[in-house]
Amino acid sequence: MSFISNAVDTLAETIGRAVGVAYGGPLGGLVGQAIGDVVGDVLGNYADRLAHALFGGMADVADDIAANVAQLFASNYSAGFEVSWDGGR
């Protein structure tokens, strides 16, 4: 999945869970998140296609940047490094 489709999918899951919790409590949140996941997958694919049709190479660049940043964090985390917000104290 690309950066764009992941963003749309995550947004749909979050909205689905929030609506589910509001109307059905914790169990409703899980159901809402599951529905949001399915809807997010479909909408994410369409959003990705639309972005590539409208912006072409720029959408590919955004995907590459997101993949490189994710790989950077994954490699630093797996190597045992952690980001310190207190100056390393």
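The values are calculated or read from the model by the stated rules, or taken from the named source; none is laboratory data. Here the structure is a predicted model, which is why all the values come from computation and not from measurement. So basically every Cβ, Gly included, is an ideal-geometry build from the backbone, and we count neighbours across all protein chains shown.
Observations on the structure shown:
- Scanning segment 4-46 for residues that are crowded, with 20+ Cβ neighbours inside 10 Å and hydrophobic (A, V, I, L, M, F, W, C) yields a count of 3.
- Just one of the listed residues (74, 70, 62) is in contact with a Ser or Thr (Cβ under 9 Å, 6 or more places away or on another chain), modelled with pLDDT under 85 and among the small types (Gly, Ala, Ser), and it is 62.
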